[in-house]
Amino acid sequence: MLLFPLLISLVMVVPGDLVISEIMYNPDGPTLGIDDQYEWIELCNVGTVPLQLDGMMLSDGGNQLFLEAYLLDASSRVVIAADEEAFTGSYGTGITVIPWDGVWTKLSNSSDTLLLYSSTGQVLDELAYSDTWGLAASDTTRSEADGRGSSLEKINLKGTNTEDNWAPSIDWACPDTDPETGDPVCWGTPGSVNSIE
Ligand SMILES: [Ca+2]
Ligand SMILES: [Ca+2]
């Protein structure tokens, strides 16, 4: 019986199996809080076998954060939060937040490239996003994901990381309202199926 988890841990992850599925790169300051505490990244195992995340790395090319041991089931998601205590304070404790070590790979509020590496250094996923992604045609200022409450979500998790496959979350089961406009503020779908998937 002891061999079973060992065999699972030896499954080699390949690009496409584990993807960056959602990011909160610019948390809404008035309702959620500052970037240093409330940024987060969601990963999804879109493969067919459990994947061991131990030793995987997320980086923007500068800071590097290393994932600690966690066996992620197929079709399951986890969240990596800049500040776990702040995250659970806002989103509750029912979401799987996994531990990491190193330095948080800060998510730029303008544009950034987020890289996910396997424990052997292979690039598993690469997301070069921009704050112009999801900008409504009628709005020339900011997208809903750019500090207005929404996260940036991937639409087809097995598709490309191009602008047409990412958009602001539209889940309106929202925990707070914008103090200036009174509109409901959505904080994305960490740990859950994306609202636009
Ligand atoms: Ca940010
Ligand atoms: Ca999600």
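Bear in mind that the values in this text are calculations on the coordinates, not laboratory data. Predicted model, so just to flag it, every value in this text is computed and none were measured. Please note: Cβ atoms are built from the backbone with ideal geometry, for glycine as well, and neighbour counts cover all protein chains shown.
May I ask for the equivalent-ellipsoid semi-axes of the range 3-185, computed as the square root of five times each C-alpha gyration tensor eigenvalue and listed largest first in whole Å?
29, 18, 15
Rounded to the nearest 20 Debye, what is the dipole magnitude of the range 3-185 about its Cα centre when Lys and Arg each give +1 and Asp and Glu each give -1 at the C-beta?
Roughly 600 debye for the range 3-185.
Would you mind checking which residues have amide H under 5 Å from Val185's amide H? H placed 1.01 Å from N; only 5 or more apart, or other chain.
Asp176, Thr177, Asp178
Would you work out which of Ala82, Ser151, Leu43 lies farthest towards the positive end of the dipole of the range 3-185? Charges go on Cβ: Lys and Arg +1, Asp and Glu -1.
Farthest towards the positive pole: Leu43.
Exposure proxy check: Phe87, Phe66 ranked by fewest other beta carbons within 10 Å?
Phe66, Phe87
How do 67-77, 39-49 rank on mean C-beta neighbours within 10 Å, highest first?
For the peptides 67-77, 39-49, the packing ranking is 39-49, 67-77.
Calculate, in nm to one decimal, what Ala69 and Glu126 gain on full extension: separation in residues at 0.36 nm each, minus their alpha carbon distance.
That pair, Ala69 and Glu126, stretches by 18.4 nm at full extension.
Regarding the range 61-137, what's the average projected area of the Cα-atom convex hull, expressed in nm²?
Its Cα hull, projected and averaged over all orientations, spans 6.9 nm².
Between Ser21, Ser59, Ser111, where does the largest GNM mean-square fluctuation fall for the chain, given springs only between Cα atoms within less than 10 Å?
Taking springs between Cα atoms under 10 Å, the residue moving most is Ser111.
Grab the Cα-Cα distance for Thr113 and Lys158, subtract it from 0.36 nm times how many residues apart they are, and report the gain in nm with one decimal.
Result for the pair: 14.3 nm of gain on full extension.
When the C-alpha atoms of the range 114-197 are aligned to their principal axes, what extent does each axis show, in angstrom, from largest down?
Taking the Cα atoms of the range 114-197, the three principal extents are 48, 27, 19 Å.
Using only Cα atoms, locate the centre of the range 69-124 and the centre of the range 135-160, then give the distance between them in Å, rounded to an integer.
The range 69-124 and the range 135-160 have Cα centres separated by 19 Å.
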